[in-house]
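The values are calculated or read from the model by the stated rules, or taken from the named source; none is laboratory data. Keep in mind the model is a prediction, meaning the values are calculated, not measured. Methodologically, a virtual Cβ is constructed for each residue, glycine included, from the backbone with ideal geometry; neighbour enumeration extends over all protein chains shown.
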Amino acid sequence: MADRSFHSPETQGVRHVQYNATLKANAVAANAPTFVEGDTPGASVGSYLIATKIATGKYRFKTTNPFAGLVNCDAWIEMAAPDNNSYAQIKQRSQNADGTWQFELWVVKNAAGVFTLVDVTAGDYINVQLTLRNSTVKP
C-alpha cells in the first residue's frame with residue numbers, strides 16, 4: 001500500500017513495466033516474425049514483442065498486447081567488432097489500428113561521409129529496452 005502515495009488519483013492502477021531483450025542480430029528473419037527472448041532464463045518477452053527484419057539494415061519491433069501502451073523504447077547494437085562508423089537509430093514509434101505499438105531500428109554506416117543502411121553481422125546482438133504502461137495491474 002505504501003507505493004500508492006506515488007500515484008495521483010488519475011493514475012491509480014497504472015504501472016510501468018520494463019522489458020529488456022537481447023537477440024542475435026542474424027537470427028532475425030527477413031519478413032518473418034521472430035519472437036524475442038528475454039535476457040533472463042524464464043523471463044521470456046516473446047509474448048510481448050515480435051522482431052522482423054524488413055529490409056537491409058531495418059528491423060521492426062512490434063508489441064502484441066493492445067492494452068499495454070508503449071511509453072518509451074530504446075534499442076542499440078552490441079558489436080563483435082566495433083568499427084566507429086556504425087550507428088543505431090530508432091524511427092519514431094507509432095500505434096497500430098489494433099492498439100499495438102511498433103518502432104523500427106535502423107543500422108546506419110558512415111563510409112567517407114556517405115550514410116547507408118547495413119545489416120549487422122553474425123556476432124552482433126540487438127538489445128531492446130521497452131517501458132510499457134500496464135493499466136490492467138491493480139495497485
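Quick one: which strands (runs of 3 or more DSSP E) lie wholly within the range 24-128 and hold at least 2 residues that are at pLDDT 90 or above? Give the steps one after another, and end with the answer.
On the way: elements: 49-55, 58-63, 68-78, 86-95, 101-111, 114-117.
In the range 24-128, 86-95, 101-111, 114-117 are the strands (runs of 3 or more DSSP E) which contain 2 or more residues that are at pLDDT 90 or above.
Pairs meeting the criteria (first residue in the range 109-120 and under 9 Å from N85 (Cα atoms), second residue of a type in the set (V, I, T) and exposed (fewer than 15 other Cβ atoms within 10 Å of the Cβ), beta carbons under 7 Å, at least 6 apart or on different chains) are K109/T116.
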